[in-house]
Amino acid sequence: MVIHPVLLIAIPLITAFIIPIFKKYGAAIAGGAIAFNMGYAIGIFFHVYSNGKIYETIAGFNPPIGIFLAIDSLSALLALIINLFAFINFVAIGKEANYKFSMLYLLAIAGSTGIVITGDIFNMFVFFEITAVASYALIAGKKDKKALEGAIKYMVLGSIASSFILIGIALIYSQLKTLNIYDIAARIASMDAKIKWASFAMLLTGIGVEAEIFPLNGWVPSAYQGASEGVASLLSFAPSKAAIYAIARLMLVIFPFHATYEIALWVGVITLLIGELAAFMQEDVKRMLAYSSIGQMGMILIAFSLASQDLKYALIASLFLIVSHAASKSSLFLLSKSEKMHGMASKYTGIVSVLSLIGMPPLAGFWGKWYLMLAAMDEKLWLVIILIFFAGIVETAYFARYLHRSIGNDGELSLRYKAAMAAMASFAILFGLLPLVYKIASLPLWGG
Amino acid sequence: MNFAALTLPCYITVAALLSIGLYGVISKSNLMKIFISLSIMETGVNLLLITIGYIPGGTAPIENANFAKYVDPLPQALVLTAIVIGLSVTALAIAVLISYYQKNGTLEYKEGMKW
Amino acid sequence: MRRYAGIAVALLFFAFSISIFIQLIPYDSYEGSAYHYKNPINGSVANESVPSHYIKETRNETGAVNAVTAIVVEYRGFDTLGEVTVLFTAATGVSFLLYQLHKKMQRREANLITKEGSKIVLPFALLTGAYIFIHGHLTPGGGFPGGSVIASGFLLMLLAYPKFFVNEKRLSYIESISGSIFVIIGLLGLLLATSFLQNFIPVGKPGYLFSAGIIPLIYIAIGFKVGSELSSIVQKLKEVEE
């Protein structure tokens, strides 16, 4: 059977285009499209899991004359996470959404999915912009002062970021005259060194704004605090994960050099430390969760930078960390809607998510940190191991304080909301137990 | 005419536009001026993309019996896309600024909003 | 204080960019062997570069004589779909944020020249815009400039007459339907040919109006979409005036 991954993008787009005609059924139509996307993403994931990497050319022209979509195990896992959590999240918040919100939600999901499945760097930039513009509108949608402030900060930094990405693409194109990621990777050695590093710096800075790495994450606390809970949850699993995937492709495929690894490693470490320490000092729950997200992104960046050196455990670590953070942080943001945890579902969600983030076996977060430590030991990076350990202690401290303050009897959430939260948190358990991630990490990737 | 020398003034203009845009974003406190500076930066980037595709002596890449060389058509297609994307972000920014003005009565950003 | 930081950063960035751009020497051509591309699917190295393929093969493969148009619609049509989506997202975002405001009237009346001039300019603007996007495959231009010209005709009328409003619902329907036509053409390519957005109409004789396969159809859809979208954004912003 021939699989067409382009439907993962085409179906949400055409659904978003026709929703304004059927205003009253907007949320239902959007829900149907997201359900289709979830099913299709699961199907593609299992297809890639058993058969290896797949590709699809768009418009019938071979790359790099045309654009092509290249899905390997890393892309399939990320597409699965984005679409699966999109559906669960939409179940929680779709009831009170008007049709414009549903349209923006669909477009944000389509954009994030596009970033992870495309094989062309300018196409990746276009999908970045779709995701970014949809996120700006969604954050500002709450329309109170904090939401607008968060949206404005995000927009200013995001626009500078998109200009930098374009400069990076322009510099690469001027030397190699191609826009296909894997063609660039094959010929990158023939590029002039100064232009090569300048374009790497531009691309890293540009994509890094969305991926929340230091020092480009000034927008993160205000944006997450201002957004409504469902939107903050969406931001946790869609744009930031897609952006960190883009940085991973950048480091593993296009610029697989030693200096890249060093820069990314130390940027990741600084991000981790600043994120966790700042989270410790926060009073407001959403700000604390936002800074914690910054810290986790730093850890994922460390994992990917170690993976660029072909270390056995690093890629496994990064996949576990991505899954754990997406599941836990998104459910914690949904949980933050109520002041305290009332009832079984909330307590279950809170405890499971916190444990996964801290790193308690057998949850996914534990495996992530465990393999990260193993990979760092392989490279004899003792300082990095000590710092990760220290960050873990700080994390445990503030999450313990959070749990201590929140367990109580207050706040009432609807049934579908509770079901969605619990389902998301369960994925942290699920991925920790199943051997899926090990097989994924061992499959061959595009670009070698 | 030395066509090759045409690209140097273009690159200097690009660097100037980018720098002016960056200066505006960092030092201005009126939100409208910040977004105008962002537009200036985007214009600079578009100019960079077009200049990269230039071939001295070439003409526009539409079939023309009088010319043998054509400039690179791909950057021009990229710039078409980039202009529209820049425009969309500016339009959304203006909508957000209008809402901000109605909540706060001013377009300056307050000290509490520092990065 | 921030001013000095801004000047310092700007100067540093200027020096950095100039030092990079100096190295981008202009080329005599893009035919050199350094630019020959490598197909990532089967690993074969071609004997031409990507731009020279576009210049040489546009007439045969797509039937358009305008290489930029062929790239925007055929070779990289997916990027154009993404760009149309960004514009659509921005228009949705604008109406999402500003939907609660009242239609207040503008205080100052425009003067006579503006009022009478707009009435004369509007039909010409619409006609020119339509001409630009219908002939996208033959002359420079295409859907986006054409749509912008149409929207600027409407903008003139919106500025000159305080009570002039285009019907919101109609604009919204045109937007949705033309966007869907774009994706439907793509899906038809998937069904009737082998890939999304592939050309499934006979290419015809280059240089004629009815040629170049799906390019005129997509450009007409884009022209309508961009024109209605920009008009609705501008009109939404006008509604906020006090």
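Quick note: the coordinates plus some simple rules give every number you see, no bench work behind them. The structure displayed is predicted, hence computed values, not measured ones. Counting neighbours? That spans all protein chains shown, and the Cβs are built from the backbone with ideal geometry, glycine included.
Rounded to the nearest 10 degrees, the angle from helix C:168-192 to the longest Cα principal axis of chain C is 20 degrees. Could you work out how far helix B:73-104 tilts from the main Cα principal axis of chain B, as a 0 to 90 degree angle to the nearest 10? In chain B, helix B:73-104 runs at an angle near 10 degrees to the longest axis.
Ranked for footprinting exposure by Cβ neighbours inside 10 Å, fewest first, C:137, C:53 give C:53, C:137.
Using label points projected 7 Å from each Cα along Cα→Cβ, tell me how many nm separate residue A:49 and residue A:190, to one decimal. Result: 4.1 nm between the two label points. Working from the Cα coordinates of chain C, the gyration tensor eigenvalues give, after taking √(5λ), semi-axes of 38, 29, 18 Å in decreasing order. Distance between the pseudo-spin-label points of residue C:114 and residue B:104 (7 Å out from Cα toward the beta carbon): 3.0 nm. Centre-to-centre, using Cα atoms only, the stretch A:234-278 and the stretch A:66-112 are separated by 22 Å.
The longest stretch of chain A left intact once loop-based GluC sites (Glu not before Pro) with at most 12 other Cβ atoms within 10 Å are removed from consideration, loops following DSSP, is A:1-282.
When A:406, A:328 are arranged by Cβ crowding within 10 Å, least crowded first, meaning fewest neighbours, the order is A:406, A:328. For chain C, lysine pairs separated by 8 or more sequence positions, or belonging to different chains, with Cα-Cα distances below 12 Å total 7. A straight chain from residue A:393 to residue A:284 at 0.36 nm per residue would run longer than the Cα-Cα distance by 37.2 nm. Out of the trypsin sites (Lys or Arg not before Pro) in the stretch C:102-175, which ones are loop residues according to DSSP with at most 12 other C-beta atoms within 10 Å? Sparse-neighbourhood loop trypsin sites (Lys or Arg not before Pro): C:103, C:104, C:107, C:108, C:163. Peptide A:190-202 has a mean shielding of 2, counted as Cβ atoms of other protein chains within 10 Å of each residue's Cβ. Taking chain B as a Gaussian network of alpha-carbon nodes connected by springs under 10 Å, the highest mean-square fluctuation of the residues B:62, B:20, B:98 belongs to B:62. Overall, the ratio between the Cα radius of gyration of the protein assembly as shown and 2.2 N^0.38 Å, rounded to two decimals, is 0.92.
Our summary gives the stretch C:21-61 a relative contact order of 32 percent, counting only alpha carbon pairs under 8 angstrom and 6 or more residues apart.
If R₀ is 22 angstrom, what is the calculated FRET efficiency for the pair residue B:66 and residue C:210, using the beta carbon separation as r and rounding to 0.05?
The computed FRET efficiency comes out at 0.25.
Here the label points at residue C:217 and residue A:95, each 7 Å from Cα along the C-beta direction, are separated by 4.4 nm in the simple model.
Of the residues C:4, B:54, the one with the fewest other Cβ atoms within 10 Å heads the list, and the complete ranking is C:4, B:54. Rounded to the nearest 0.05, what FRET efficiency do residue A:383 and residue C:42 give with R0 = 41 Å and r taken as the Cβ-Cβ distance? Could you check? The formula returns an efficiency of 0.35 here. The stretch A:212-228 and the stretch C:195-223 have Cα centres lying 44 Å from one another. For the stretch C:120-137, backbone phi angles converted through the Karplus equation (6.51, -1.76, 1.60; θ = phi - 60°) give residue-by-residue couplings of 6, 6, 3, x, 5, 4, 4, 5, 4, x, 5, 4, 5, 7, 6, 9, x, 8 Hz, Gly and Pro being listed as x. Centroid-to-centroid, using Cα positions, the stretch C:121-144 and the stretch A:177-191 are 37 Å apart.
Distant-in-sequence amide contacts of residue C:37, defined by a placed amide H-H separation under 5 Å and a gap of 5 or more residues or a different chain, comprise C:46, C:48, C:50.
For the stretch C:44-96, evaluate the Debye formula with one uniform point scatterer on each Cα (no solvent term) and list log10 I(q)/I(0) at q = 0.21, 0.23, 0.27 Å⁻¹, rounded to two decimals. Taken in order of the listed q values, log10 I(q)/I(0) reads -0.77, -0.84, -0.98. Between the residues A:389, A:237, A:65, the greatest Cα displacement towards the positive end of the dipole of chain A, with unit charges on the Cβ of Lys, Arg, Asp and Glu, is found for A:237.
Once the Cα-Cα distance is subtracted from the 0.36 nm per residue extended length, the residue A:370 to residue A:414 segment shows a gain of 12.2 nm. Of the cross-linked pairs A:286/B:33; A:146/B:33; A:95/A:286, those separated by over 25 Å at the C-alpha level are A:286/B:33. So which trypsin sites (Lys or Arg not before Pro) in the stretch A:267-351 end up in coil per DSSP with only 16 or fewer other C-beta atoms within 10 Å? Qualifying residues, ordered by number: A:340.
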